[in-house]
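Have a look at the structure below before the remarks.
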C-alpha cells in the first residue's frame, strides 16, 4: 500500500435474527398468543419468538402496589391450557397479586417451553424489504408478522393543567403508588373516577385527609357486574376501534361496583366527590370560582394509553389518533393485516386477552400462509 492510499474501514455487519412471527410483550395477551401459535403447529423459537421488556415473568403485574391481593383485584382469568390453581391454591386469596401472578406466568412459560427473551426493550419497528425490522436495546430482529401485546402500563396519562410546574408538593401517578402509609400527615388530592382511583382513595382516606376530584360525576352501581354487562361493555369498545376511534373507558360503560369497602368509605365521607379543579398552584389546587385547597400530594389516577409508540414508523394510526381494527375479535390492523394488536381495545381485560390471542394467532398465521409469507 502506497503512502498516498487511504485505509478504508468497512462498516460492521449487524446480523438480524429472523423469525416468522414476533410477539412483543409477555403478559396475558402475549402468552396466550404464543400458546395458540403452538397449538396451530408453529415451532417455538423458529416460527415465533416473544420479546419482553421486564427482567422477570409477570407482565405489569409484578409492579402493582402491595395491597393489591388476589381477593381485591378484578378477576384474573386462567391462561389457556393451565389453571391458576395449578400454581397457587384457591384459599391463598390474600397473597399479593405482584407475587402470585408472576409466579403463575413463569410456570406457564416453563410448562409450554415458550421462547421469551428478556429483558429486551423494543425501540422501533419499521418495514424493510417486505419484512418488519424490530430494533431493540440488544439485538435486531426481522419478522413477517407482528403480534403486539405491550399493554398500557408503560404509558401513564397525566393531563396538563395550568400551574402544574409550579406545584411544590409531589405529583404521582397510579403506577407510582405503593402504600397509603407513605402519605400519613399529608393532604392528598386524588384525581380520577376509575376502579383504581377508588381503591387508592379508600386506602389513603383511612390514614390521612383526602380530596377526590373527577371530570364527570361517577356512576356507582349497587347490582353485581354480570356476564351480560361485560359483553355489552366489550361490544361498545369493539365498535369504537372498528371505526378507528380511541378505545373508551370500561368504567364509563359499566359503572363502578359499590363494594363493601366503598360503602365504608362513603360512611366516613371519603366519597365526597368534587368537580375537576381549574388550575394548580404552588401549594395546591384552585377551582374556577377561586376556591382553593391546600395539598401536599396530587395523585393522578387518570389511566394509561396503549404503549404503541414503537410502531409509529408503520403509520397505522388515523388522524384522530385511533386505529381502524378488523378481524373476528378486532385484533387485526386494517391498514396492514400482518399486524395484530392484542390487549388493545375490547381485549384489554384478562379474559378478552385470551380470546384475542387465539384469534390473532389463527388469523395472522392463515394470512401469512395464504400470501406465502413463510420462509
Can you find a residue in the stretch 45-52 that is at pLDDT below 90 and under 13 Å from residue 116 (Cα atoms)?
yes
Elements of type strands (runs of 3 or more DSSP E) in the stretch 273-333, at least 2 residues being in contact with a helix residue (DSSP H, G or I) (Cβ under 9 Å, 6 or more places away or on another chain) and either surrounded by 19 or more Cβ atoms within 10 Å (Cβ to Cβ) or not assigned by TED's automatic domain parsing to the domain that holds residue 262 (or both):
297-300
When you look at residue 265, is it buried (at least 20 other Cβ atoms within 10 Å of the Cβ), in contact (Cβ under 8 Å) with a residue 24 or more places away in the chain, over 26 Å from the mean Cα position of the chain (by Cα) and assigned to a helix (DSSP H, G or I), yes or no?
yes
Residues of the stretch 39-73 that turn out to be in contact (Cβ under 8 Å) with a residue 12 or more places away in the chain and assigned to a loop (DSSP other than H, G, I, E, B), as a count:
21
Exactly one of 241, 297 is within 20 Å of the chain's Cα centre (by Cα) and at pLDDT 90 or above, and that residue is 241
Considering only the stretch 204-237, how many residues are assigned to a helix (DSSP H, G or I) and modelled with pLDDT of 95 or more?
2
So which residues in the stretch 334-356 are crowded, with 24+ Cβ neighbours inside 10 Å and modelled with pLDDT of 95 or more?
340, 341, 342
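The values are calculated or read from the model by the stated rules, or taken from the named source; none is laboratory data. Note that the coordinates shown come from a computational prediction; the quantities given were computed from them, not determined experimentally. Cβ coordinates were reconstructed from backbone atoms using ideal geometry, including for glycine residues, and neighbour counts include every protein chain displayed.
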